[in-house]
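The next block holds one structure in the form of structure tokens; read it before the comments.
The values are calculated or read from the model by the stated rules, or taken from the named source; none is laboratory data. Worth saying up front: this structure is predicted, and the values here are computed from it rather than measured. Note that we place each Cβ from the backbone using ideal geometry, even for glycine, and neighbour counts take in every protein chain shown. Heads up: the accessible areas ignore ligands, DNA and RNA and are worked out on the full protein's heavy atoms, side chains in. Shrake-Rupley method; radii C 1.70, N 1.55, O 1.52, S 1.80 Å.
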Amino acid sequence: MMAGISIWQLVIILGIVVLLFGTKKLRNIGSDLGGAIKGFKGAMKDGEDEAKSIEKKDAETTVNATTQKEETKH
């Protein structure tokens, strides 16, 4: 039991929700929600990839600048 709600109470609530919205609308809501979550995860992954790319470019720039400073000293 979670928070005093029995399995039968959950079944009754589910039945009422299905009666109110219908299975087709619930299916559409579920697929829309799934698509939104998938899009959000994709955007997060793209953001992480972009951040890694920027970090890599910054590291290369730092190495190049250090190499150029060393070359000008000699």
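Can you find even one residue in the range 3-13 that is modelled with pLDDT under 90 and exposed (fewer than 10 other Cβ atoms within 10 Å of the Cβ)? Yes, the range 3-13 has at least one match.
When the range 22-45 is filtered for residues that are open to solvent by less than 100 Å² (accessible area, probe 1.4 Å) and under 22 Å from the mean Cα position of the chain (by Cα), the ones remaining, listed by number, are Asn28, Ile29, Gly30, Ser31, Gly34, Gly35, Ala36, Ile37, Gly39, Gly42, Ala43, Met44.
Scanning the range 46-69 for residues that are at pLDDT below 80 and open to solvent by 100 Å² or more (accessible area, probe 1.4 Å) yields Gln68, Lys69.
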